Amino acid sequence: MGKYALRRLAQMAPALFLVSVAVFMIIHLIPGDPAKIIAGPNATDEQLAALTRQFGLDRPLWEQYVTWLGNALTGNLGHSFINNYPVNQMIALRVPATLELALAATFIAVIIAFPLGILAALRPGSLVDLLSTLFAALSFAVPGFWLAILLILFFSLRLQWLPPSGRPDFADQPVEHVKALIMPALTLGIALAAKLARYLRSAMLDVLDRDYVRTARAKGLQERAVIVRHVLRNALIPVITVLGLQTGDLLSGAIIVESVFAWPGVGRLTVQAIGWRDYALLQADVLYIVLAFMVINLLTDLTYGFFDPRIRYQ
Amino acid sequence: MAVKKWLYPLIVLALALAVAACAPAAPPSAGEAPSTGQAAAPEPAAPTGPQPGGTLTLSLGNDFVTFDPYFDEENANFKAPIFEAPIRISDDGGFEPWLAESWEMSDDGLTITLHLRQGIKFHNGRELTADDVVWAVERVLDKDKGYHLSDRFTTATGATKIDDYTVAINYSKVANSALDGIARLYILPKEADETVATQPIGTGPFMLEEWVPGDHLTLVKFPDYWREGEPYLDKVIVKPIPDPQSRMVNLLAGSIDGLWGVPLADKAMLEQVEDVVVDESPPGFSFYAFIMNIQEKPFDNQLVRQAMNYAVDRDKINQLAFHGQANMTMLPYAPTSWAYPADLEGFYTFDLDKAKALLAEAGYPDGFQTQMLIRGAAGPYLDMAQVYQQDLAQIGVEMELLPTEIPQYFPKLIGSEFAIVSHGTGEATVDPSGLFEGAACCRPFRNFFGITEDTTWFPEYKALIDKASTSLDQEERKALYHDAVKILLEQGWTIPVAWRQQVYALKSHVQGLRTDLDGQIWLNGVWLSQ
Amino acid sequence: MSTEPSTEPSAESRSLHQPSHEGESLTRLALQALLRHRSGMIGLIVTLALLLLAILAPAIAPYDPLEMHAPDRFQPPSRTYLMGTDEFGRDIFSRILIGSRISFSVGLVSIAIATILGVLVGLAAGYFGGWFDTVTMRFFDALLAFPAILLAIVILAILGPGSFTVILAVAIVNVPAFARLTRANVLAEKEREYIEATRAVGASASRIIFRHILPNVSSTLLVQITVSVASAVLLEAALSFLGLGTPPPAPSWGSMLSVGRGYLPLAPWYGIYPGLAITLLVMGLYLLGDGLRDALDPRRQKLV
């Protein structure tokens, strides 16, 4: 299994390379001259020329890419156009916030979705099942930014329990930090929970119909053992797929939630970079997103191995 | 074996959680001002005098981009704590000695001689001398660097050292705004030039200790500061909190002691809070305005432009767009300026009938359609445009609004790709010449609004401005500026609406903070009363 | 809260078992099944009601949505202003009514474009296979890796702001889902006997595709369309919320929420009603989609 993982990791490199080329081209498709944007309205022609040279924008596109690639391979992903700070450090500073939010949201989602989904599958047509359907429908229809606003209205303004936005330093104010994490994580987690519950329910219903479950029951296995050892284990595979996909989404930054709660994550950084045509930052940022997806994909695939002994990797 | 496999994902998860919990380590800030909570009754400011010590935590909004003082990037109002110039803007709107203890202008107005104080040290220990000032002037004149400050030294030719503490700065033409330039000529040591963007070295009361971009900036007291007793604070921490609501929450919770940039909608609410003091920078420099491109139809017609002026209801705009908190204006100078043309005050009134009549006279009895480029996707520029749009609709002018993100807005502005904009303009200068030199709306050169030498009234306009900028007679200049503003109003392409003011809020225990007309933040005399 | 085009996992598998006969009786049976489906009917009613309101909005709105009543800013909901007023004194209820037209037009037009483009590509990819299939599907897979909102933001950055570019951006984001769905269905149908027979008779590719395969794909397409319109409405609202959608003073629900968020202490209703409107419309479409899916599911139909 280790060899499989290594092989997958090795395959990531050429994929990343291709992606970097594609992203580089697309980014330069976006109209707008970063030098002009950053120079501002009072810039003279000389100032503009100086900035253009500084950003390397006066050289042909392929040369810009090759320079970038050469630097990237040594770990230097360039400097942000806006504040000249090393790009990888800018992203690295934001990753903990996004990671933390993703994990908290996933945690909330799992503890809501699993009981709900399992029960709904075991008692189809019951109240629980109806609730889970309603929950799924509602969470699809309620926009994330509205749920966020409602949470702020209630928990920040009405009850004054939680801060409406921001992310205090954990080292300085650990309690405040956790308090600030709750609403954004809830917003993302509830949406994810509904989806997960649905998938889990569907997957379990599918499995419950299968022959080997009937066999297990016929063998006289206790119902609980049947559920856990056979049904759940197999139902989890599609669920893990979905979870993996969603986590990838979360890692690339939940843009809306980060916006509403002023959560300093990667998502907001991406939007800012697009707005400012900060090519250097954007290039590295997109690569990070793709890399995150690939890693999650790999982790998801590896996790299958735990649940389905039939899946074996050489 | 099966058990072990199960552990792996859990271990990964635990590790990831640990990583997430360890946010970039911030140095423990000693003596952060504790939250004052709600006191029983607001105490009068205890006049026990400045106490040394303490840490001040502020948020200015966005993070710093560069510390090079010759650029006006984010937080350009935070240069004074680190850097200093030979003179500074005084409280009464003039200039007062700072690093220089006196100065004089030559009779022909082409040389300004500065007499520097002795014993002023840079943060790196070296003493400041005339050589440093000469080099500073050289630096700002370097066109290739693209400094924003260079705009204020366009007529400067260089500086000459007269002796160790005397410098003469030479100009090719009389420039009345020369002192404005010198007030921003921050002196830095030549040896620190390369790294000034991230490691600023100046003569100011605070030195940079640490900058973690996106997280915080820490300044510490400069022990060899040239002014005795100052600064009182031991430490200053600046945290970037771009979201205004977030900033306010932090202020109210006590995790910061002061913030810049209070949304006008929240100003009244914040003023009610007991331990918070709200203040604003004085009006008179920058103003909101609607500005027309006179090369675009129908704004090439003077009557149409005048009609647009008559359709501006400043009271309603103040009420709806600025929550009643703004200082409206019709003239590009504030009453505090000596060039204020009081007799031009009522030049335009809000008169829709007159506007409609003018349009008919101009040949547009049924109005016309146009688009307004808005500075920013949201904010006061958009709000005031929405109110204006409604009034214009009543005289038949259908104006579509195009809110544009800043990065795309400025290139369009510079390229004159618009018919009319909702903009903020005005270059901060003490001398009235700044309006016609720095402000994009009104200067006769590098003008984005279509004013070129072919315009009929241009020669007269330019002549007035040139004469006023080279004259040394204040009375004469006042009359000249009066006539220039009159032309500005008659031609009507720039419609000043309200003064742009920096609103800031401080906890009541923060004493002695000073801001000047330029909006610069002076922390020299700041002390904490608890 | 999903701004991505998505379907339940087994929708595709269900369609593969669809009996392929004339459209007629299938439609009638499907309609009957839909009418009996409780939540589907609720969805249908809600959607149609909102559509009706959208069409009649200019006539029934009590005030001009752009008209500013300066002395009445931030009025709470009352008899005069059913949902209160905003920062300019404009009636929020009227704005929400007119705003529904924006949601509907963006939702319907963008998905119409996405359907046409996606189905065409999917049909070609599925039927002809080869390099076209590989290239386009890989490309779409890559697109689907990104969150829809991020894609839309980048597309809007390239195309520039404006109401039509928003429609285009939302359409482009939804094309991959339609293409993949169509392709999967085509791949399944392609191997069926009746197709073999038609081919043996010498029918041209386009005839086979459009006259035989497409009608049998249409029921899953219909479900996907409904769900996609729902997520298109959400995406438009999200983009407007970020300031990238139809520009003010147009009363887009998303931008109303965005402004309302800044005034929550002053005017909480400003943050409630626009969101309620979005939820209602999307919920209606979602339930309708659910109902359609169940109604068209061959497993539920008592067919031979």
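The values are calculated or read from the model by the stated rules, or taken from the named source; none is laboratory data. Since the model is a prediction, treat every value here as computed from it, not as a measurement. Note that we place each Cβ from the backbone using ideal geometry, even for glycine, and neighbour counts take in every protein chain shown.
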| query | Of the residues C:125, C:169, C:145, C:177, which is within 14 Å of chain A (Cβ to nearest Cβ), of a type in the set (Gly, Ala, Ser), buried (at least 23 other Cβ atoms within 10 Å of the Cβ) and farther than 24 Å from residue C:258 by Cβ? | reply | C:177
| said: Going by what's in this entry, would residue A:67 be described as at pLDDT 85 or above and in a helix (DSSP H, G or I)? | reply: no
| task | Only residues that are farther than 19 Å from residue B:204 by Cβ and assigned to a strand (DSSP E or B): list them for the stretch B:106-151, please. | result | B:111, B:112, B:113, B:115
| field | residue B:348 vs. criteria part of a helix (DSSP H, G or I) and in the same structural domain as residue B:441 (by TED's automatic domain parsing) | value | no
| What residue, among those in the stretch C:86-103 that are of a type in the set (D, E, K, R) and not in a helix (DSSP H, G or I), is farthest from residue B:322 (Cα to Cα)? | C:91
| request: Name every residue in the stretch B:185-205 that is away from chain A (no Cβ under 14 Å) and either outside any loop (DSSP other than H, G, I, E, B) or more than 21 Å from residue B:218 (Cβ to Cβ) (or both), in order of residue number. | output: B:185, B:187, B:189, B:190, B:191, B:192, B:193
| note | Those strands (runs of 3 or more DSSP E) completely within the stretch B:365-456 that have 2 or more residues that are within 14 Å of chain C (Cβ to nearest Cβ) are B:368-375, B:397-404
| All positions within the stretch B:265-290 that are more than 26 Å from residue B:180 (Cα to Cα) and buried (at least 17 other Cβ atoms within 10 Å of the Cβ) | B:265, B:266, B:267, B:270, B:275, B:276, B:277, B:278, B:290
| task | Among the numbered conditions (1) of a type outside the set (A, V, I, L, M); (2) modelled with pLDDT of 90 or more; (3) surrounded by 15 or more Cβ atoms within 10 Å (Cβ to Cβ); (4) in contact with a His (Cβ under 7 Å, 6 or more places away or on another chain), tell me where residue B:102 comes up short. | result | (3)
| field | Restricting the stretch A:151-180 to residues that are at the interface with chain C (Cβ under 7 Å from one of its Cβ atoms) and surrounded by fewer than 22 Cβ atoms within 10 Å (Cβ to Cβ), the residue that is farthest from the chain's Cα centre (by Cα) | value | A:157
| request: Return a yes/no flag: does the stretch B:216-230 have any residue that is modelled with pLDDT under 90 and either part of a strand (DSSP E or B) or within 25 Å of residue A:80 (Cβ to Cβ) (or both). | output: yes
| task | Look through A:199, A:212 and report the one residue that is part of a helix (DSSP H, G or I) and either touching a Cys at 6+ places or on another chain (Cβ under 9 Å) or within 9 Å of chain C (Cβ to nearest Cβ) (or both). | result | A:199
| field | Pair list, Cβ < 9 Å and 6+ apart or interchain, from the stretch C:261-274 residues that are within 10 Å of chain A (Cβ to nearest Cβ) to residues that are of a type in the set (Asp, Glu) | value | C:265/B:266; C:270/C:86; C:270/C:87
| task | Examine the stretch B:77-86 for a residue that is in the same structural domain as residue B:507 (by TED's automatic domain parsing), surrounded by fewer than 18 Cβ atoms within 10 Å (Cβ to Cβ) and within 29 Å of residue B:211 (Cβ to Cβ), and state whether such a residue exists. | result | no
| said: Looking at the structure I just gave you, is residue B:150 among the polar types (S, T, N, Q) and either touching a residue at least 40 places away in the same chain (Cβ under 8 Å) or more than 21 Å from residue B:431 (Cα to Cα) (or both)? | reply: yes
| query | From the list B:332, B:298, which residue is crowded, with 20+ Cβ neighbours inside 10 Å, part of a loop (DSSP other than H, G, I, E, B) and in contact with a Cys (Cβ under 7 Å, 6 or more places away or on another chain)? | reply | B:332
| query | Of B:183, B:192, which residue is within 18 Å of residue B:84 (Cβ to Cβ) and crowded, with 18+ Cβ neighbours inside 10 Å? | reply | B:183
| query | So, in the stretch C:278-300, of the ones that are aliphatic (A, V, I, L, M) and surrounded by fewer than 24 Cβ atoms within 10 Å (Cβ to Cβ), which residue ends up nearest to the other protein chains (Cβ to nearest Cβ)? | reply | C:283
| request: Search the stretch B:136-148 for residues being surrounded by 17 or more Cβ atoms within 10 Å (Cβ to Cβ) and either out of contact with any Gly (no Cβ under 8 Å at 6 or more places or on another chain) or under 18 Å from residue B:200 (Cβ atoms) (or both), and hand back the single one that is modelled with the lowest pLDDT. | output: B:146
